[in-house]
Structure formats: C-alpha cells, structure tokens
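Worksheet for the structure shown next.
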Amino acid sequence: MHDWPPLVIVAFAWSIVPLLAFGFAEKRIPRVIERLPVVVGLILPALFGVPYLLVALSASNLRTNWLIVYFLLPVLVAVVLRHARQADPQQQGDWRDFAILLVLGLTVDLRWLEPAWPAHLAVISKLILLDAGLYGFLAIRQLSDVGYDLRFRSDDLKVGLRELAFYAPLALLGGFLLGFLHFHKILPTLVSAGSAWIFTFILIALPEEIFFRGWMQNLLERRLGRRASLWLTAAIFGLSHFNKRAVHFNWRYVLLAILAGVFYGRAWRQQNRVAASAITHASVDTIWSIWLL
C-alpha cells in the first residue's frame with residue numbers, strides 16, 4: 001500500500017469508510033437517511049463510485065462505461081431495496097432482496113467488474129459493492145438481525161473460536177485425505193501471522209460474512225427456518241469458491257468451503273453477530289494460507 005499513488009490511497013480509504021461507519025453506527029445511519037428527502041437518500045449512494053473515478057484518473061484509464069456502472073449500480077440497489085421494503089414491511093424476504101443478492105454475488109464471484117481495475121486494486125471494486133449492499137440493506141431496507149457491529153463483545157471471540165475448534169479437526173482430516181492441504185516447511189512469525197489475520201478479517205472474512213450470513217442466511221431463515229437456511233447458505237457459499245485457485249471446477253475447495261460455511265453460519269446465528277462468524281472465518285483462512293496451503 002505504501003507504493004500506491006495518493007489518489008489510490010484516497011480511493012481505498014473512501015471505500016473503507018462506509019464499512020466502518022455502518023460497523024460502528026449501524027442504527028444511527030438509517031435514522032439520518034430517513035430525515036433526507038427520498039430522492040436524495042436514493043441518489044446518495046452514487047458517491048460509492050468515487051473510488052473508481054480516483055483510481056482511473058490516477059492510472060489515466062478513465063472509461064465512461066465503467067464510470068456509469070460504478071455510479072449507477074449503488075443507486076439501483078437502493079431503489080430496488082426501497083421497493084422491497086414497501087412490498088414486504090414484515091421482512092419475510094422479498095424476491096427483490098434475493099435479486100440484489102444474486103446480482104452482487106455473481107458480480108463479485110465471476111469478476112465481471114475487475115477489468116475496470118489494475119489487477120492489484122480489484123479489491124476496491126469488491127468494497128464498493130459491499131458499501132452499496134450495506135447502504136441498501138441497512139439504511140434503505142432496514143433489514144433486521146443482520147448483526148453487523150464492529151463493537152466487539154467477549155462472546156464474539158468465544159463463539160468464533162468455539163466454531164473454529166469444531167471445524168478444524170474435520171477440515172484437517174478431510175483436507176489431507178483429499179490432498180488439498182499440505183504443511184508448510186517454514187513457519188511464519190507471530191507478527192506476520194497477526195497481520196495476515198487482520199488483513200483477512202477486514203478484506204475477506206468481514207465482506208463475505210456480511211453477505212452470506214448477515215444478508216443471505218438471515219433472509220433465508222425467515223423463509224425456510226434455521227436448519228434449512230444454514231445448510232443452503234453453506235452450500236451456496238461453498239459453490240461460490242468453484243473457481244478459486246483452479247482453472248476448472250475446484251470440487252475439493254467447494255466441499256471444504258461448504259463444511260466451513262456450516263460452522264460460520266452456526267457462529268453467526270448464535271447471537272446474530274457477523275463479528276463472531278468473521279472471527280471463525282478469518283482464523284480458518286489465516287491458518288490455511290500461512291500453514292497449510
């Protein structure tokens with residue numbers, strides 16, 4: 001990050017601020033948005049597209065089509081979820097909710113927008129989509145029980161590490177039997193392991209847990225119940241990894257990710273806390289990447 005031009009640093013910070021704002025003021029932000037004229041509240045998320053503009057200007061690679069996408073998509077998310085709120089005030093899960101999840105999920109998983117970015121900056125695109133989803137589901141839809149709160153509790157750590165302890169033996173056994181896991185010969189330092197965990201928590205675990213547990217499992221639970229929603233979300237989560245670290249369908253990764261998704265889902269639903277499942281998720285990914293990949 002220290003090699004990034006100033007505009008890129010500003011772009012990254014711009015995309016992180018909404019993530020932090022909702023994490024520390026989840027209940028206050030919707031009240032502020034409610035006081036605004038409806039049109040202003042729906043247009044406001046266009047500002048989430050500013051990071052693309054800054055990066056494109058820095059790289060002298062501004063494209064009008066991508067600019068339109070990044071400024072318009074967050075607005076469309078807000079508009080659709082406002083209609084979902086009006087059509088489903090009881091929050092039982094409207095088809096528009098799932099349509100937004102499908103669009104956001106496929107866009108990230110199939111990397112539809114990554115050609116707009118330098119390869120090492122595509123993570124900002126993911127953050128922009130996350131910001132759009134947070135604004136839409138929390139500020140406009142006002143979806144309850146998402147559990148996105150960065151004011152950590154001791155129970156978040158207890159539940160997160162408990163599910164890690166439950167998952168780890170199964171993952172190790174299955175991973176080595178499938179030939180998916182391999183021990184590293186060189187062990188990392190505590191500093192490198194800690195920094196890897198923080199990076200993974202913020203940029204991988206937190207976004208994925210908000211999407212899959214806070215939004216998807218939360219909404220499916222209203223339709224299908226706790227058990228079915230847990231397993232269906234875990235299956236979708238696992239399948240979203242089909243193209244990770246492989247040219248073709250990576251079935252080993254998918255199987256282990258499905259299993260992991262069950263324990264992430266268990267951690268989230270304990271008290272509807274994204275922080276708990278993100279702790280499990282970040283710990284699993286960090287251990288895997290620095291010791292077993």
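Where a number appears in this text, it was derived from the coordinates with a stated rule and is not lab data. Computed from a predicted model, the values in this text were never measured in an experiment. Neighbour counts run over all protein chains shown; Cβ positions are idealised from the backbone, glycine included.
Longest exposed-loop-site-free stretch of the chain, with chymotrypsin sites (Phe, Trp or Tyr not before Pro), DSSP loop and at most 15 other Cβ within 10 Å?
On the way: sites that count: Trp112, Phe152, Phe183, Phe242, Phe249.
Result, exposed sites excluded: 1-111.
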Distance histogram for region 92-140 (every C-alpha pair counted, 5 angstrom bins, percent rounded to whole numbers): 5, 19, 27, 23, 14, 8, 3, 1, 0
Surrounding net charge for Pro74, when Lys and Arg each add one and Asp and Glu each subtract one, Cβ distance under 14 Å: +2
Area projected by the alpha carbon convex hull of the chain, averaged over all directions, nm²: 15.8
Inverse of mean 1/r across different Cα pairs in region 154-292, Kirkwood, Å: 15.1
Gaussian network model of the chain, springs between alpha carbon atoms under 10 Å - residue of Gly105, Gly225, Gly214 with greatest fluctuation: Gly225
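Going by a ≥ b ≥ c, the root eigenvalues of the Cα gyration tensor, does region 106-230 fall in the rounded group (a/c under 1.5), the prolate group (a/b larger than b/c) or the oblate group?
Working: a/c = 1.62, a/b = 1.22, b/c = 1.34.
Oblate.
Suppose a student asked you for the relative contact order of the chain, using Cα pairs under 8 Å spaced at least 6 residues apart; what percent would you report? All intermediate terms of the calculation are to be shown ahead of the outcome.
Details: 369 pairs, mean separation 62.6, N = 293.
Relative contact order of the chain: 21 percent.
I'm checking a number: the convex hull volume of the Cα atoms of region 115-158, normalised per residue, in Å³. What is it?
Details: hull volume 4.8 nm³, N = 44.
Output value, Cα hull per residue: 109 Å³.
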Helical mean residue ellipticity (222 nm; -39500 (n - 2.57) per DSSP H run of 4+; nearest 500) of the chain: -21000 deg cm²/dmol
Cα coordinate range in region 6-140, projected on the principal axes (Å, largest first): 46, 28, 24
